[in-house]
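Read through the structure below, which is laid out as structure tokens, and then see the notes.
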Amino acid sequence: MSDVRDPLAVAPIVERLVVIGLGLIGGSFAKGLRESGACREVVGFDLDVRSRELAVELGVVDRCADSLEAACQGADVIQLAVPILAMERLLEQLARLDLGQAVLTDVGSAKGNVVRRAEQVFGRMPGRFVPGHPIAGSEQSGVTAADGKLFRRHKVILTPLAHTEPQALELVHQLWVTLGAHVEHMEVAHHDEVLAATSHLPHLLAFGLVDSLARRHENLEIFRYAAGGFRDFTRIAGSDPVMWHDIFLANREAVLHTLDDFRADLDALREAVDQRDGHRLLGVFTRARAAREHFSKILARRAYVDVMHSKDLIFTAQPGGSLSGHLRVPGDKSISHRSIMLGSLAEGTTEVEGFLEGEDALATLQAFRDMGVVIEGPQQGRVTVHGVGLHGLKAPAGPLYMGNSGTSMRLLSGLLAAQPFDTVLTGDASLSKRPMNRVAKPLREMGASIDTAPEGRPPLTIHGGQPLKGMHYEMPMASAQVKSCLLLAGLYAQGATSVTEPAPTRDHTERMLRGFGYPVKVDGSTVTVEPGHKLHATRIEVPADISSAAFFMVAASIAEGSDITLEHVGINPTRIGVIEILRLMGADISLANQREVGGEPVADIRVRAAKLRGIDIPEALVPLAIDEFPVLFIAAACAEGRTTLRGAEELRVKESDRIQVMADGLATLGIQAQPTPDGIVIEGGALGSGEVWAHGDHRIAMSFSVAALRARGAIRIHDCANVATSFPNFLALAQRAGMRVQTEGDA
Ligand code: S3P
């Protein structure tokens, strides 16, 4: 008998653990806990004598009892790990025994039947019975396959009832945690529904399809030509038939429910094929593909939500280097968002090229898919949007998740306020802290009904079916998001909606509305739209994002010997503050090949290294460079003399408080940076090295990567996962251009 104790063994939390049923799951549970040292004694029982002998020989248990009664004597915890239908008889037998104060738990794949049976045989579900279900398994079975590590990083669902004793629940929870499992709690009925849909239905379909094809007389022919799709779809038809027969009988109600829903959807697909309704098919397939990609990310624990909360993605930027070559940065984020929004509301099919495949724009894309719009792609920046017209959106099935994207949430709230259905807009931790009253208040003045969390934070609950009235709004802050939100609401309002801005902000919404044939009146600083027109599908070519290009403009300016050309960059006059500010600081920037694509001016931008000097940044340029300040602060740190920024309090409510977060990072690197309520004062100097935090803000992460070009040592930048929101291939492009930045661990 082996006596393997895990070196990280824990102090015993259970005197005697009894495991009934020594198959793969029961055996692994027993073995893992025995190895952990969490139980002073592990006793096994199985009806099969050979399994009992093997369990002792293989060190799965300390000893085996030769009857159920003997096994349960003096037990502190009893784990029921028998096949799901055998559970019913086992419970009956247990009810006749004196179990003392033992905590009961089980591993059945359905929970309703276990609870019902326990209620019958015990008279009431015992308070010390904690139903459970580990989502783990393997193609192998039996005690010989028992593996103490089987549950590591697997989910275990516990389904306590209202009267389950908290200490019993805590103990069972602890045992699974000791085995390395991630434990979640769920209601019994919910568990059974979720499992019926995600596990039981797919198994039923796989068994059913293989059997159906195999019974046809031409079956040999079919299987001979069976391609990868057949193999992949039917892999699970190789599972244990007896076990699955048990599961379907045990979880009958929930399986029937999900099967009926699916049958209705299958009928709809049949009808679409019958009617040659390609549009409907494309809708189902594109939604399914997007959902599948999303699930794969979650399954691989790569989803951005997950990365943000659980994993600190660190960039390390080595000092020195210079930049050269021709680069094309990804598509403009603001224009990408709007291409999906207006394309969806248009009549006809809009083709988009150069779409930014970053998480922010993808959040907008997903939201419109959730509202029934068929969107193909993105594939290498190409997206095809099958517009549904201004009144064609459908109620989404659940909340719309906007991730990190303020633009998605603010622009959509204007549009959604005018829809006949209700919506809830949620976001990640950073977005959940950002102010939404700036849109909620004026929208309410137009007649919208919007609830926010305290202090005007997300989530936003928008009650549909409210008639909106056009109005004139004097915007208190220079915000293109607020302006665009109100213009979108204005498309549906009664009468004209006009917005006056205190300073020019990006005008992509106005330009694109016109591109879709929708009239927009611009009179000085006031924009007006009226209802009653339509958007007509068009072709959109998204230029490269000047906000992403800005990192390379500063990088090439500060790194001696650099000479780069950034191709096809959008140079909309409302966005070129970064070029003007850098030129005022002495940068060597020239524009070539200026042209207009789809209503937006573009150019190739050449940047050569230059000696920069500190300046007082003209306040008029602030809204025109609002997203570029983090990297401009790096330029200021490398400039000779003092740079002063004023009138930029908006920076405090971006993806992070960009004034404070940049000041902190610069101070760490030895630069004097004095934050003020609405700006910062930076003294140019020598950049040192050290650890800085991006606080989940993409632009902060990229800015400090640029800083390393002039630093004395390496800069480690924490919390960089959100670079993927606006510039998913930043590291690859930066390395290609000559920067020495990489993800930590990717040496
Ligand atoms: C954006 C407007 C700006 C900008 C944001 C994108 C847009 O925000 O910072 O990254 O696409 O309309 P504000 O309108 O809040 O200034």
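Any idea which of (1) more than 26 Å from Ile717 (Cβ to Cβ); (2) buried (at least 20 other Cβ atoms within 10 Å of the Cβ) is the one Ala636 doesn't satisfy?
(1)
What strands (runs of 3 or more DSSP E) completely inside the range 579-655 contain at least 3 residues that are modelled with pLDDT of 95 or more and under 19 Å from Thr565 (Cα atoms)?
Counting at least 3 such residues, we get 588-597, 600-608.
Ala550 versus (1) within 16 Å of the ligand (Cβ to nearest atom); (2) not polar (S, T, N, Q); (3) not assigned by TED's automatic domain parsing to the domain that holds Arg736: which is the lone unmet condition?
Checking Ala550 against (1) within 16 Å of the ligand (Cβ to nearest atom); (2) not polar (S, T, N, Q); (3) not assigned by TED's automatic domain parsing to the domain that holds Arg736, the one that fails is (3).
Determine which single condition Glu510 fails, assuming it passes every other condition in (1) within 14 Å of the ligand (Cβ to nearest atom); (2) farther than 14 Å from Met341 by Cα.
The failed condition is (2).
Out of (1) within 15 Å of the ligand (Cβ to nearest atom); (2) closer than 19 Å to Gln481 by Cβ, the odd one out for Pro543 is which?
Against the list (1) within 15 Å of the ligand (Cβ to nearest atom); (2) closer than 19 Å to Gln481 by Cβ, Pro543 comes up short only on (2).
Within the range 135-179, which residues are within 19 Å of Ser51 (Cβ to Cβ), buried (at least 22 other Cβ atoms within 10 Å of the Cβ) and of a type outside the set (A, V, I, L, M)?
Taking the range 135-179 first, the residues within 19 Å of Ser51 (Cβ to Cβ) are 137-148, 150.
Then keep just the ones that are buried (at least 22 other Cβ atoms within 10 Å of the Cβ); that gives 143, 146, 148, 150.
Scanning the range 135-179 gives a single hit, Gly148.
Going through Pro458, Pro420, Pro454 one at a time, which residue ends up being more than 17 Å from Leu486 (Cα to Cα), over 26 Å from the mean Cα position of the chain (by Cα) and either in contact (Cβ under 8 Å) with a residue 40 or more places away in the chain or surrounded by fewer than 21 Cβ atoms within 10 Å (Cβ to Cβ) (or both)? Walk me through how you get there before you give the answer.
Values: Pro458 fails: over 26 Å from the mean Cα position of the chain (by Cα); Pro454 fails: over 26 Å from the mean Cα position of the chain (by Cα).
None of the others qualify; the one that does is Pro420.
Can you go through Thr526, Thr538 and tell me which one is over 35 Å from the mean Cα position of the chain (by Cα) and β-branched (Val, Ile, Thr)?
On the way: Thr538 fails: over 35 Å from the mean Cα position of the chain (by Cα).
The match here is Thr526.
Among (1) surrounded by fewer than 24 Cβ atoms within 10 Å (Cβ to Cβ); (2) touching a residue at least 12 places away in the same chain (Cβ under 8 Å), where does Val18 come up short?
Only one criterion in (1) surrounded by fewer than 24 Cβ atoms within 10 Å (Cβ to Cβ); (2) touching a residue at least 12 places away in the same chain (Cβ under 8 Å) is unmet by Val18, namely (1).
Residues Pro420, Pro378: which one is modelled with pLDDT under 95 and on the phi < 0 side of the Ramachandran plot? Outline the logic, then answer.
Numbers: Pro420 fails: modelled with pLDDT under 95.
The unique qualifying residue is Pro378.
Within the range 458-482, can you find the residues that are in contact with a helix residue (DSSP H, G or I) (Cβ under 7 Å, 6 or more places away or on another chain) and within 15 Å of the ligand (Cβ to nearest atom)?
Matches in the range 458-482: Pro458, Tyr473, Met475, Met477, Ala478, Ser479, Gln481, Val482.
I'm checking my understanding of the structure. Among residues of the range 648-658 that are under 17 Å from Ala625 (Cβ atoms) and either among the acidic types (Asp, Glu) or in contact with a strand residue (DSSP E or B) (Cβ under 7 Å, 6 or more places away or on another chain) (or both), which one is nearest to the ligand (Cβ to nearest atom)? Give the steps one after another, and end with the answer.
Applying the first criterion (under 17 Å from Ala625 (Cβ atoms)) to the range 648-658 yields 648-655, 658.
After this cut, where a residue has to be either among the acidic types (Asp, Glu) or in contact with a strand residue (DSSP E or B) (Cβ under 7 Å, 6 or more places away or on another chain) (or both) as well, the list is 648-650, 655.
Working: Ala648: 11, Glu649: 11, Glu650: 6, Glu655: 8 Å.
If we take residues in the range 648-658 being under 17 Å from Ala625 (Cβ atoms) and either among the acidic types (Asp, Glu) or in contact with a strand residue (DSSP E or B) (Cβ under 7 Å, 6 or more places away or on another chain) (or both), then Glu650 is nearest to the ligand (Cβ to nearest atom).
Are there any pairs with C-beta distances below 6 angstrom linking a residue in the range 397-416 that is closer than 21 Å to Thr497 by Cα to a residue that is among the hydroxyl-bearing types (Ser, Thr, Tyr) and more than 14 Å from the ligand (Cβ to nearest atom), with the two at least 6 apart or on different chains, and if so which?
Close Cβ pairs satisfying both conditions: Leu416/Thr423.
Could you please let me know if Lys441 is touching a residue at least 24 places away in the same chain (Cβ under 8 Å), of a type in the set (D, E, K, R) and either assigned by TED's automatic domain parsing to the domain that holds Leu651 or assigned to a helix (DSSP H, G or I) (or both)? So that I can check it myself, show each step before the final result.
On the way: touching a residue at least 24 places away in the same chain (Cβ under 8 Å): no; of a type in the set (D, E, K, R): yes; either assigned by TED's automatic domain parsing to the domain that holds Leu651 or assigned to a helix (DSSP H, G or I) (or both): yes.
Considered against the rule, which asks whether it is touching a residue at least 24 places away in the same chain (Cβ under 8 Å), of a type in the set (D, E, K, R) and either assigned by TED's automatic domain parsing to the domain that holds Leu651 or assigned to a helix (DSSP H, G or I) (or both), Lys441 comes out as no.
Each row is one residue, and each column tells you yes or no for (1) under 33 Å from the mean Cα position of the chain (by Cα); (2) within 15 Å of the ligand (Cβ to nearest atom); (3) not small (Gly, Ala, Ser).
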residue	(1), (2), (3)
Ser557	no, no, no
Ser562	no, no, no
Thr574	yes, yes, yes
Glu580	no, no, yes
Leu584	no, no, yes
Val597	yes, no, yes
Ala603	no, no, no
Gly614	no, no, no
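So Ala118 passes all but one of these: (1) outside any helix (DSSP H, G or I); (2) hydrophobic (A, V, I, L, M, F, W, C); (3) closer than 29 Å to Asp240 by Cα. Which condition number does it fail?
Only one criterion is unmet by Ala118, namely (1).
Considering only the range 124-141, I want to know if a residue exists there that is touching a Leu at 6+ places or on another chain (Cβ under 7 Å), of a type outside the set (Val, Ile, Thr) and part of a helix (DSSP H, G or I).
no
Do the conditions hold for Ser51, that is, is it within 29 Å of Leu161 (Cβ to Cβ), in a helix (DSSP H, G or I) and among the polar types (S, T, N, Q)?
Numbers: within 29 Å of Leu161 (Cβ to Cβ): no; in a helix (DSSP H, G or I): yes; among the polar types (S, T, N, Q): yes.
No, not satisfied.
Yes/no per residue for (1) at pLDDT below 95; (2) buried (at least 20 other Cβ atoms within 10 Å of the Cβ); (3) not assigned by TED's automatic domain parsing to the domain that holds Val242:
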{"position": "Asp3", "(1), (2), (3)": "yes, no, yes"}
{"position": "Gly32", "(1), (2), (3)": "no, yes, yes"}
{"position": "Glu53", "(1), (2), (3)": "no, no, yes"}
{"position": "Arg63", "(1), (2), (3)": "no, no, yes"}
{"position": "Ile78", "(1), (2), (3)": "no, yes, yes"}
{"position": "Ala102", "(1), (2), (3)": "no, yes, yes"}
{"position": "Ser109", "(1), (2), (3)": "yes, yes, yes"}
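Write out, first by first residue and then by second, each pair whose Cβ atoms fall under 7 Å of each other, whose residues are 6+ apart or on separate chains, and whose first residue, in the range 272-283, is in the same structural domain as Val373 (by TED's automatic domain parsing) while the second is modelled with pLDDT under 95 and exposed (fewer than 10 other Cβ atoms within 10 Å of the Cβ).
none
So that you can scan it fast, the table gives a plain yes or no per residue for (1) closer than 30 Å to Phe730 by Cα; (2) modelled with pLDDT of 95 or more; (3) touching a Leu at 6+ places or on another chain (Cβ under 7 Å); (4) crowded, with 20+ Cβ neighbours inside 10 Å:
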residue	(1), (2), (3), (4)
Gly470	no, yes, no, yes
Leu488	no, yes, yes, yes
Met512	yes, yes, yes, yes
Val520	no, yes, yes, no
Asp523	no, yes, no, no
Ser547	yes, yes, no, yes
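The values are calculated or read from the model by the stated rules, or taken from the named source; none is laboratory data. Since this is a predicted model, take the numbers as computed values, not measurements. With ideal geometry, Cβ positions are generated from the backbone for all residues, glycine too; neighbour counts draw on all protein chains shown.
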